[in-house]
1. Taking the residues in the range 122-154 that are of a type in the set (A, V, I, L, M) and at pLDDT below 80 as candidates, determine which candidate is surrounded by the most Cβ atoms within 10 Å (Cβ to Cβ).
2. Give just the number: which of (1) free of Cβ contacts under 8 Å to residues at least 24 places away in the same chain; (2) of a type outside the set (Asp, Glu); (3) in a strand (DSSP E or B); (4) assigned by the TED database to the domain that holds residue 4 does residue 34 not satisfy?
3. Given (1) open to solvent by 80 Å² or more (accessible area, probe 1.4 Å); (2) more than 19 Å from residue 13 (Cβ to Cβ), identify the lone condition not met by residue 83.
4. For the range 106-120, state whether one or more residues are of a type outside the set (Val, Ile, Thr), surrounded by 14 or more Cβ atoms within 10 Å (Cβ to Cβ), touching an Asp or Glu at 6+ places or on another chain (Cβ under 7 Å) and under 22 Å from residue 160 (Cβ atoms).
5. Looking at (1) part of a loop (DSSP other than H, G, I, E, B); (2) touching a residue at least 60 places away in the same chain (Cβ under 8 Å); (3) surrounded by fewer than 17 Cβ atoms within 10 Å (Cβ to Cβ), can you tell me which one residue 63 breaks?
6. Taking the range 49-68 on its own, how many of its residues are more than 16 Å from residue 16 (Cβ to Cβ) and of a type outside the set (S, T, N, Q)?
7. Let me confirm something: among 80, 109, 98, which residue is outside the structural domain of residue 12 (by the TED database) and over 25 Å from residue 51 (Cα atoms)?
8. Sort out which residues of the range 72-91 are in a strand (DSSP E or B) and without any contact (Cβ under 8 Å) to a residue 24 or more places away in the chain, and write them in order of number.
Amino acid sequence: MVKVIASSVRKGNVLDVDGKLYVVLTAANFHPGKGTPVTQVDMRRIVDGVKVSERWRTTEQVERAFVEDVNFQYLYEDGEGFHFMNPANYDQVVVDVETMGDQKAYLQEGMTCVLSIHEGIPLALQLPRHVTLEITETEPVVKGQTASSSYKPAILSNGVRTMVPPHINAGTRVVIATEDNSYVERAKD
C-alpha cells in the first residue's frame, strides 16, 4: 500500500479504507473561504458494490491499494459484460456492467483504455480524456445570442446530453471530455 495525500485522489483510483478496497467514483477538492480545505470522495466498495462518501482534509494521508494499470483495447459487449484485450499478450478480460458504470456510453470499438487490475480482477476503467462524437440533435441558433457566453443543449451520437456553442449544428463532429460530458472543441477531422 502507498500513502498519498487526499487532494491527489482521482476518479478510478483504488483506495484501501479500513482494510477494504474501494474504487473512487468522484473526487472533488473544496477550498472554503474560512476553514480547512477538504476532499469529498464518492467510492464503491469492491466486494459488495456498496457506495460510500468520505470527506478528508486535503493534507490527510489515505492508502492507495497496489493495482496494476494496464492498457487494454475494447473489443465488444455481450451478456457477460464488456470484453477487453491486452494488445501486448492478447489476454482478454471481461468487465461487468456495474464496474463499467455510466462510462459505457463512451466506449468505441478498438478504443484503448486503462484498466486497473488487482490480483487479476479488473476493478476500474479509465477512458481516454477526450472522445470525438457526432451531434445528432440540437436546437437552431437564436438570433441575437452572443457566441461567447451562451451554450445550447445537444444530444451526441451515443445518447449523452451536453451543452455546445450556438454555431454547432446537427451532424457536426465534436470533441467531448469524458470526465464531465463537456464540449471541448469542434473535431479537426
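The values are calculated or read from the model by the stated rules, or taken from the named source; none is laboratory data. This one's a predicted model, so the numbers in the text were calculated from it and none came from an experiment. Heads up, the Cβs are rebuilt from the backbone with ideal geometry, glycines too, and the neighbour counts pull from every protein chain shown. Note: areas computed on protein heavy atoms with side chains; ligands, DNA, RNA excluded. Shrake-Rupley method; radii C 1.70, N 1.55, O 1.52, S 1.80 Å.
1. Taking the candidates together, the pick is 124.
2. It fails just one condition, (3).
3. So residue 83 meets the others, but not (1).
4. No, there is no match, as no residue in the range 106-120 is of a type outside the set (Val, Ile, Thr), surrounded by 14 or more Cβ atoms within 10 Å (Cβ to Cβ), touching an Asp or Glu at 6+ places or on another chain (Cβ under 7 Å) and under 22 Å from residue 160 (Cβ atoms).
5. (1)
6. Selection size over the range 49-68: 4.
7. Just a single option satisfies the conditions, and that option is 109.
8. Once the filter is applied, which keeps residues that are in a strand (DSSP E or B) and without any contact (Cβ under 8 Å) to a residue 24 or more places away in the chain, the range 72-91 yields 78, 81, 83, 85.
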